[in-house]
Amino acid sequence: MMNKNKRFFSRPLAIIVSLVVILISSIIAHSVQTSGGDVEVKDIRFVGDNGIVHSALMYMPSDMNLEEQYPAVVSMHGYINSREVQEPFSIEFAKRGYIVLSLDMTGHGYSEQFPADLSRGVTSGLHYLHNLPFIDGDQVAVEGHSMGGWSVLKAATDNPELVNTVIQVSSSTETFGSGEVTAETPFNYAILFSEYDEFSLTMWGTEKAADVNSTEKMMKIFGVEEPVEEGELYGSFEDQSARMFLAPPVIHPGTHWSTESIGVVLEFLNNAIPAPNPIDSDQQTWKAKEFATLAGLIGAIMLLISVLGNLLRTSYFANIVRELPESKAVSNKWVWIVSGVVATVIPAVTFIKFIELGQNWFPAGPILRQNFTSGFAVWAIFNAAIATILLTIFHYTNKKNAASLKHYGFTMEWKLIGKTILLAAASVGTMYSVTVLVGAFFNIDFRIWVMPFKAMTASHFYLFLTYLLPFLIFFIVNGLVLHGQLRMKESGTETKTFLKWFGANFLINALGIIVLLVIQYSVMYFNGALLWDKALITVIAFQFVFINILAALVSTYLFRKTGTIWAGAFVNAFLITWYIVAGQVMHM
């Protein structure tokens with residue numbers, strides 16, 4: 001094996017390169033977000049109607065004349081997301097001269113929770129804007145995705161005098177108190193519901209998204225008795241009776257990452273409230289920001305690995321590093337394949353059921369305040385238990401190899417474990433600190449699409465500590481399976497071996513979830529509806545693919561560096577618990 005300390009990520013240069021990547025990508029992302037300096041973006045907090053604190057990003061022209069009045073848009077993301085998810089819309093609105101208030105929904109991001117407010121902060125946002133002297137109160141629109149669409153509609157139907165135009169994206173009327181829209185409702189209204197939206201049954205009462213235009217609710221909006229025509233203007237912008245139905249060929253979470261979806265929304269908004277700075281709807285720059293924050297995310301992961309590699313060279317952490325134990329893994333090719341298939345199928349087969357069990361067993365309360373995180377934790381614990389049983393069977397039927405737990409990278413040395421915890425805290429803490437600094441200086445986070453690493457509030461950190469243990473148990477057991485039972489043979493070089501192990505470990509952890517997604521969306525593509533009507537958990541499964549890329553990378557790197565499963569387990573537990581908790585809704 002090559003000298004581990006001579007590799008790139010074990011050198012100080014790797015830390016410098018990582019920080020340069022983060023800095024350059026952050027500057028680019030901020031430049032796109034601010035339209036090259038033409039827009040000023042402020043991270044604001046304000047006290048709303050119910051006395052709770054709301055969080056928002058506010059986009060304003062940098063050369064704004066306070067003696068003039070400007071049209072405005074209140075924008076809101078969907079469930080278990082945050083204000084940054086709406087940036088493709090917000091960037092394009094702001095670039096065209098609208099003042100944009102992009103809210104964190106109550107209980108999401110950095111906004112406090114107030115369950116009684118079914119507008120989830122939008123009504124407070126409208127009142128906040130209308131109290132600003134530079135806002136044209138007759139030229140205010142609201143736009144929201146999914147639950148954010150319900151929220152903006154609730155605020156608009158309760159306060160029609162505050163809005164000129166309502167745009168719902170991947171959303172619906174008359175759902176969970178969202179409000180009714182008819183042909184006589186006194187504001188312009190557009191509904192964008194994509195051709196492959198997974199939530200058509202919940203939102204419009206029809207199994208297939210392609211049929212929503214013929215539902216009773218939809219026809220009532222347009223004042224017709226036949227299916228609504230896509231893209232056709234009903235009513236008139238002159239008297240604020242305009243109505244339009246749009247159905248781009250994307251999935252539910254794809255509408256806020258679709259140039260077509262954003263383009264048609266821009267056109268409808270411009271027709272309703274002319275843009276101060278008119279730009280063709282196909283002239284969109286938001287995707288450059290998304291790829292820049294992806295580059296920043298890659299840089300942050302590089303920084304994590306670089307800090308780990310450099311810390312393991314120090315004298316304090318040197319005794320964590322051990323030689324790789326002799327492999328006692330499955331040696332027969334076909335037995336390995338069958339074992340790998342079993343290891344990837346079980347988490348996928350149990351994915352929906354165990355998450356739902358966790359949500360039902362541990363409803364949100366004063367201690368466990370995130371319902372979905374509780375579901376993920378139960379899924380993790382149950383899968384760890386199943387894997388432990390299967391690993392035990394393998395161990396005792398593999399006696400001829402005379403394997404011990406040390407051969408699987410497991411050793412109960414408390415000093416080693418203690419130092420490993422410090423190593424994990426220092427490395428993940430470094431990545432977290434950079435995340436906080438980038439957010440403070442550039443108003444961005446590290447993300448791609450709906451997959452971010454965000455700074456935590458004090459409440460998030462409390463939940464991080466609360467939920468850490470079940471995820472730690474999962475990653476300990478997962479390390480034993482990957483590096484004990486299913487450990488692969490060495491290849492000719494360190495690089496080849498690492499890539500082979502990383503690829504295998506990722507597929508073992510994630511292939512079942514990927515197949516689940518392929519089945520669900522293949523059936524939807526050909527039949528118009530998901531095979532299993534579990535839309536929300538299906539959408540969330542995309543994030544588990546992303547999580548497993550990170551987990552396989554960290555676990556493989558640290559096992560090869562340290563010879564035990566502890567470092568990978570602790571770093572992954574810290575990293576993934578942070579990721580999950582910071583991105584979930586606080587139900588209380």
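The values are calculated or read from the model by the stated rules, or taken from the named source; none is laboratory data. Nothing here was measured: the structure is a model prediction, and the numbers come from that model. Don't worry about glycine lacking a Cβ; one is built from the backbone with ideal geometry, like all the others, and counts go over all protein chains shown. These accessible areas exclude ligands, DNA and RNA; they are computed on the full protein's heavy atoms, side chains included. Shrake-Rupley method; radii C 1.70, N 1.55, O 1.52, S 1.80 Å.
Descriptive notes on the structure:
- A simple spin-label model places pseudo-atoms 7 Å from Cα toward Cβ; at Ile367 and Phe441 they are separated by 4.1 nm.
- With every protein chain in place, the chain: carbon and sulfur % of accessible area (1.4 Å): 62
- Dimensionless Rg over Rh [region 462-561; C-alpha; Kirkwood]: 1.07
- Region 126-267, relative contact order in percent, only Cα pairs under 8 angstrom and at least six apart counted: 20
- Charge dipole of the chain about the Cα centre (unit charges at C-beta), most positive-ward option of Phe544, Ser18, Leu162: Ser18
- A protection proxy built from the mean count of other Cβ atoms within 10 Å ranks the segments 511-524, 476-489, most packed first, as 476-489, 511-524.
- Against the chain, whose longest principal axis is taken from its Cα atoms, helix 259-272 shows a tilt of about 20°.
- Fraction of C-alpha pairs exceeding 17 angstrom in region 93-148: 42 percent, rounded to a whole number.
- Lys/Arg +1, Asp/Glu -1 at C-beta; the chain dipole; positive extreme among Ala56, Ile444, Ser35: Ile444
- Normalised alpha carbon radius of gyration of region 113-196 [divisor 2.2 N^0.38 Å]: 1.04
- Order by protection proxy (mean Cβ within 10 Å, highest first), peptides 271-279, 208-216: 208-216, 271-279
- Full extension of the chain segment joining Val53 with Ala288 gains 81.5 nm, where the gain is 0.36 nm per residue of separation less the Cα-Cα distance.
- The residues of the chain expose on average 39 square angstrom of accessible surface per residue, using a 1.4 Å probe on protein heavy atoms.
- Unit charges on C-beta of K, R, D, E only; dipole of the chain, Debye: 5060
- Dimensionless Rg ratio for region 408-531, taking C-alpha atoms and the 2.2 N^0.38 Å reference: 1.41
- Karplus-derived HN-Hα couplings along region 503-514 (A = 6.51, B = -1.76, C = 1.60, θ = phi - 60°), whole Hz, x at Gly and Pro: x, 5, 5, 4, 5, 4, 7, 10, 4, x, 5, 4
- Length released on extending from Asn131 to Leu422, taking residue separation times 0.36 nm less the Cα-Cα span: 99.8 nm
- Karplus-derived 3J(HN,Hα) values for region 35-41, using 6.51 cos²θ - 1.76 cosθ + 1.60 with θ = phi - 60°, are 6, x, x, 6, 10, 9, 10 Hz; glycine and proline are entered as x.
- The value of relative contact order for region 447-571, using C-alpha pairs under 8 Å at least six residues apart, is 31 percent.
- FRET efficiency, Val338 to Trp532 (Cβ-Cβ, R0 35 Å, nearest 0.05): 0.85
- Net charge of Cβ neighbours under 15 Å - reference Val32; Lys, Arg +1; Asp, Glu -1: -2
- Averaging the sequence gap over all C-alpha pairs within less than 8 Å and six or more residues apart, then dividing by the number of residues, gives region 528-580 a relative contact order of 25 percent.
- Annotation: the chain has a Kirkwood hydrodynamic radius of 25.3 angstrom, from the mean reciprocal C-alpha pair distance.
- Where N is the number of residues in region 1-77, Cα Rg divided by 2.2 N^0.38 Å: 1.84
- Peptide packing for 187-194, 331-338 was compared via the average number of neighbouring C-beta atoms within 10 Å per residue; ordered from the highest value, the list is 187-194, 331-338.
- Gained length - Glu216 relative to Leu465, 0.36 nm times residue gap less alpha-carbon distance: 84.9 nm
- Charge dipole (the chain, unit charges on Cβ, about Cα centre) - positive-most of Val142, Ser374, Leu405: Leu405
- Here the 3J(HN,Hα) profile of region 226-234, calculated from phi with Karplus coefficients 6.51, -1.76 and 1.60 at θ = phi - 60°, is 10, x, 6, 7, 5, x, 8, 7, 10 Hz, Gly and Pro shown as x.
- A Förster distance of 45 Å, applied to the separation of the beta-carbon atoms of Arg45 and Leu13, puts the FRET efficiency at 0.70.
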